[in-house]
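The structure appears below as structure tokens.
What follows draws every value from the coordinates through simple rules; no lab data is involved. Worth saying up front: this structure is predicted, and the values here are computed from it rather than measured. So basically every Cβ, Gly included, is an ideal-geometry build from the backbone, and we count neighbours across all protein chains shown.
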Amino acid sequence: MKTVYICSFAALLLSGCRSGETPADDAAAKQPPVSTVKAGPAAEQETAKREDSAMKMTVRKATEEEIAKLGIKSWPIWTYDPEAQPPEFPWHYDSREVCYIIEGEVTVEADGQKITFGPGDIVEFPKDLDCVWKVDKAVRKHYRFD
């Protein structure tokens with residue numbers, strides 16, 4: 001792994017370093033760089049993993065303890081009836097959403113991931129996610145945007 005030094009303007013003047021170089025080994029260069037950035041394939045893979053997991057939707061069964069701890073029953077309720085509205089629609093998340101499904105059945109697809117959820121599930125949708133909702137049975141859910 002390669003270490004890249006990013007020099008502040010003051011460190012640049014004192015040490016004579018240029019972007020991407022290690023400061024010269026003299027008294028003036030003993031001032032540490034402003035920040036150190038790790039680069040290389042391992043760092044790129046780590047970043048890709050974080051970005052990939054950040055865009056994943058998650059589903060889990062809620063416990064009564066979790067419902068109480070999160071205050072889910074005080075969250076607003078959203079309803080959607082696929083008989084009165086299109087059962088399938090695209091959606092973009094400007095913010096992260098956590099929701100608790102009271103009733104209904106939904107399948108959501110995004111970036112090769114497909115999840116299906118229903119009553120008793122807590123579902124999390126990451127910020128900036130583009131997806132398609134397919135509502136199979138009318139939905140009522142508590143929801144919160146972060």
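Would you please give the FRET efficiency between Glu66 and Glu88, computed as 1/(1 + (r/R0)^6) with r the Cβ-Cβ distance and R0 = 30 Å, to the nearest 0.05? Step by step, r from the Cβ atoms, then E = 0.50.
The modelled label-to-label distance for the pair Glu109/Trp78, using points 7 Å beyond Cα in the direction of Cβ, is 2.0 nm.
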